[in-house]
Amino acid sequence: MPDRNPKVRRRLAQGKLRLRLCDLRNLGPQSERLLAAVGIHDVESLRRRGALEAYLAVRHAGLTRSLNLLWALAGALEPWPEGREWREVAASEARLPLMLAVESRLAARRSTLEAGGVTVRGGEAKRSKKTAACSSKSATAAIWVPGLPFETSRNLKRGRAPKKKNRR
């Protein structure tokens with residue numbers, strides 16, 4: 001692949017040009033705010049941390065759950081500095097390894113938290129005051145699965161459908 005912008009590459013190598021996060025492809029002001037909230041303030045710290053680690057930090061902070069940020073970060077960091085469209089990353093062969101890496105990291109984090117006595121419900125971690133064996137609330141708590149509506153365990157036990165709110 002020929003260099004699309006050799007002048008930018010040369011100026012970056014000489015230290016004459018400093019890119020901001022929102023200057024990268026796929027990343028805008030909102031992505032810049034999300035990354036700044038987890039301590040990534042410049043392009044070099046993003047490159048050092050990598051797309052996967054940056055995405056997981058934003059996700060653990062509870063700022064987003066969308067995989068589109070992961071695709072945008074991965075596309076912004078490859079091929080440097082031009083980047084690749086996030087839709088191309090989402091449709092490419094790089095998608096599956098990224099998704100598997102995210103899932104394995106989340107599963108490892110979840111098992112570590114549960115081993116430490118923290119109950120994980122709906123992606124949120126909460127410290128339990130009682131042990132899991134003694135707590136009746138944790139046994140009957142509703143667990144949300146992506147793609148399903150939020151339902152309380154009380155409604156599920158009684159066979160009732162959850163109430164729908166009117167939206168105007």
Where a residue in segment 61-73 is charged (D, E, K, R) and its partner, wherever it lies, is not in a loop (DSSP other than H, G, I, E, B), with Cβ under 7 Å and at least six apart: Arg65/Arg59
Number of the condition not met by Leu12 [criteria: (1) closer than 22 Å to Ala94 by Cα; (2) surrounded by 15 or more Cβ atoms within 10 Å (Cβ to Cβ)]: (1)
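Among the candidates Arg168, Arg154, Arg160, which residue alone is exposed (fewer than 10 other Cβ atoms within 10 Å of the Cβ) and modelled with pLDDT under 60?
Values: Arg154 fails: exposed (fewer than 10 other Cβ atoms within 10 Å of the Cβ); Arg160 fails: exposed (fewer than 10 other Cβ atoms within 10 Å of the Cβ).
Of Arg168, Arg154, Arg160, the one residue that is exposed (fewer than 10 other Cβ atoms within 10 Å of the Cβ) and modelled with pLDDT under 60 is Arg168.
Picking from Leu67, Leu77, which residue would you name as being touching a Gly at 6+ places or on another chain (Cβ under 8 Å) and within 20 Å of Arg105 (Cβ to Cβ)? Before the answer, list the steps.
Numbers: Leu67 fails: touching a Gly at 6+ places or on another chain (Cβ under 8 Å).
Of the residues listed, the single one that is touching a Gly at 6+ places or on another chain (Cβ under 8 Å) and within 20 Å of Arg105 (Cβ to Cβ) is Leu77.
Scan segment 30-47 for residues that are surrounded by 17 or more Cβ atoms within 10 Å (Cβ to Cβ) and acidic (Asp, Glu) and report the count. Give the derivation first.
Step one: of segment 30-47, the residues surrounded by 17 or more Cβ atoms within 10 Å (Cβ to Cβ) are 31-32, 34-35, 38, 40, 43, 46.
Filter once more, keeping what is acidic (Asp, Glu): 32.
Summing the residues that are surrounded by 17 or more Cβ atoms within 10 Å (Cβ to Cβ) and acidic (Asp, Glu) in segment 30-47 gives 1.
On the given criteria, is Ala101 surrounded by fewer than 18 Cβ atoms within 10 Å (Cβ to Cβ), assigned by TED's automatic domain parsing to the domain that holds Pro29, over 11 Å from Arg25 (Cβ atoms) and in contact (Cβ under 8 Å) with a residue 40 or more places away in the chain? Break it down into steps so the answer makes sense when it comes.
Values: surrounded by fewer than 18 Cβ atoms within 10 Å (Cβ to Cβ): yes; assigned by TED's automatic domain parsing to the domain that holds Pro29: yes; over 11 Å from Arg25 (Cβ atoms): yes; in contact (Cβ under 8 Å) with a residue 40 or more places away in the chain: yes.
Spelling it out, Ala101 is indeed surrounded by fewer than 18 Cβ atoms within 10 Å (Cβ to Cβ), assigned by TED's automatic domain parsing to the domain that holds Pro29, over 11 Å from Arg25 (Cβ atoms) and in contact (Cβ under 8 Å) with a residue 40 or more places away in the chain.
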First in segment 1-16 and among the aromatic types (Phe, Trp, Tyr), second anywhere and at pLDDT 70 or above, Cβ under 6 Å, 6 or more apart: none
Matching residues, segment 1-13, being under 23 Å from Ile40 (Cα atoms) and modelled with pLDDT of 70 or more: Arg9, Arg11, Leu12, Ala13
Residue check for Ala125: among the aliphatic types (A, V, I, L, M), at pLDDT below 75, surrounded by 11 or more Cβ atoms within 10 Å (Cβ to Cβ) and over 26 Å from Arg33 (Cβ atoms): no
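The values are calculated or read from the model by the stated rules, or taken from the named source; none is laboratory data. Source: prediction; values computed, not measured. For neighbour counting, all protein chains shown are included, and Cβ atoms are generated from backbone atoms with ideal geometry for every residue, glycine included.
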